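The values are calculated or read from the model by the stated rules, or taken from the named source; none is laboratory data. Keep in mind that this is a model prediction, so the values were computed, not measured. Cβ atoms come from the backbone with ideal geometry, glycine included; neighbour counts cover every protein chain shown. SASA here: full protein model, heavy atoms, side chains in, ligands and nucleic acids out. Shrake-Rupley method; radii C 1.70, N 1.55, O 1.52, S 1.80 Å.
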Amino acid sequence: QVQLVESGGGLVQPGGSLRLSCAASGFTFRGTLMRWYRQAPGKEREMVAAISSGDITDYVGSAKGRFTISRDDDKNTVYLQMDSLKPEDTAMYYCNARWVNTNYWGQGTQVTVSS
């Protein structure tokens, strides 16, 4: 079955960096559009970044210029490099894959930005 396993979250000070990873299995990773979302307490889940099979990337809102999404199709893994982190980036971060008209989600990894 489809599995998405995120890792790399943690506590970081403002201005710091984190690299999130999402290991995928159970579907054809190569050729699948992959996305990172986040959800802060009391807020709706929002898309942060996306990467296509041709490595075309898209970023939303405050992620532009600070976050970088990438993928390794040989490792079936998508990454999110987050730099210049701010307290408002605090959220649970989720990996998403849409496969055969179904959205699949990982369990999430918590990112907390605080001094």
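Within the option set T77, T109, being touching a residue at least 24 places away in the same chain (Cβ under 8 Å), within 18 Å of Q39 (Cα to Cα), among the polar types (S, T, N, Q) and open to solvent by less than 40 Å² (accessible area, probe 1.4 Å) holds for one residue only, T109. Among the residues making up the range 85-97, a single one is among the polar types (S, T, N, Q) and either touching a Phe, Trp or Tyr at 6+ places or on another chain (Cβ under 9 Å) or crowded, with 20+ Cβ neighbours inside 10 Å (or both): N96.
Considering (1) over 24 Å from G15 (Cα atoms); (2) at pLDDT below 95; (3) within 14 Å of the chain's Cα centre (by Cα), the lone condition that G106 does not fulfil carries the number (2).
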